[in-house]
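Novice: The structure that follows is given in the form of structure tokens.
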């Protein structure tokens, strides 16, 4: 049996894990490694990618900055989230604001320190990334559409770090990036519909608040239809192995998503739509393995 003190420590750990969204960070780490192996450096031996110390440092620095970003976002949105996510907020409040800020500065310092091991330019890149996340959390997220756009850019920035590291500028990589960016941007706009109550109380100038849910749905519909363009290009114009089945499935589920979107009119519905897009993104991460199912075995032997 755990003592009361140990139970409290465990709850605080779970609270911190919730604040930094540890599950998201683990998924981003996995996505960075899979993208490096199968998309960015497909011609390098597996061991050379997996055990590349510079890559490990870049991924670790990305994880630290993302965790810090979630912390500062939680810090600024504490009151709003009490309305939009009451259960999660009660858990998050087990960690004091002072502790959150301390963790925020420590993680950012650690990220820049790690990046400096790779190069001075890497440390400058992560310093700029840290500033951009703070600016978004402090100011830009309250600006309609620009806040959504910047959030989506920040979400794919960790992949840009490893993309620059491998200096692979093939067109297929940009098409993959556009597909992911559009999906994330659509998800960000769904979150605005999901969080109308708290955003309205705390004067967040989001699209559904300023122009109404219908305009927001039109914007999301356009983004989803645009997402079909890179999907079709990746199916017909590029060799993505068996991953083309994933993009075929995406087209079907995104069209279904649009039908559900226009029938939705409550927070519960928007949460479901958010989770559908999140699931598509997560499945996409594991689908990278389908680009070449024999690649790992061939490289090991």
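The values are calculated or read from the model by the stated rules, or taken from the named source; none is laboratory data. No experiment lies behind these values; they were computed from the predicted model shown. Glycine gets a Cβ as well: all are built from the backbone with ideal geometry, and neighbour counts include every protein chain shown.
Novice: Looking only at helices (runs of 4 or more DSSP H) that lie completely in the stretch 10-111, which have at least 3 residues being modelled with pLDDT of 85 or more and under 15 Å from the mean Cα position of the chain (by Cα)?
Specialist: Result: 22-35, 53-76.
Novice: While we're looking at this one, here's another question. May I ask you to say which residue of 150, 175 is over 18 Å from residue 30 (Cβ atoms), buried (at least 17 other Cβ atoms within 10 Å of the Cβ) and free of Cβ contacts under 8 Å to residues at least 24 places away in the same chain?
Specialist: 150
Novice: Could you tell me whether any residue of the stretch 22-35 is over 28 Å from residue 171 (Cα atoms) and surrounded by fewer than 18 Cβ atoms within 10 Å (Cβ to Cβ)?
Specialist: yes
Novice: Name the pairs: first residue in the stretch 95-115 and surrounded by 21 or more Cβ atoms within 10 Å (Cβ to Cβ), second residue not in a helix (DSSP H, G or I), Cβ to Cβ under 9 Å, at least 6 apart or on different chains?
Specialist: 107/20
Novice: Determine whether residue 20 is in contact (Cβ under 8 Å) with a residue 12 or more places away in the chain, assigned by TED's automatic domain parsing to the domain that holds residue 131 and over 20 Å from residue 116 (Cα atoms).
Specialist: yes
Novice: Is there any pair linking a residue in the stretch 230-248 that is under 18 Å from residue 181 (Cα atoms) to one that is part of a loop (DSSP other than H, G, I, E, B) and modelled with pLDDT under 95, with Cβ under 7 Å and at least six apart or on different chains, and which?
Specialist: Qualifying pairs under 7 Å: 234/240.
Novice: Is it the case that the stretch 74-81 has a residue that's in contact with a helix residue (DSSP H, G or I) (Cβ under 9 Å, 6 or more places away or on another chain) and exposed (fewer than 15 other Cβ atoms within 10 Å of the Cβ)?
Specialist: yes
Novice: Across the stretch 26-58, what is the number of residues that are closer than 20 Å to residue 287 by Cβ and in contact (Cβ under 8 Å) with a residue 40 or more places away in the chain?
Specialist: 15
Each row is one residue, and each column tells you yes or no for (1) under 30 Å from residue 292 (Cβ atoms); (2) modelled with pLDDT under 95.
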residue	(1), (2)
233	yes, no
258	no, no
262	no, no
266	no, yes
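Novice: Same structure again: Going residue by residue through the stretch 119-136, is there one that turns out to be over 18 Å from the mean Cα position of the chain (by Cα), closer than 29 Å to residue 186 by Cβ and in contact (Cβ under 8 Å) with a residue 40 or more places away in the chain?
Specialist: no
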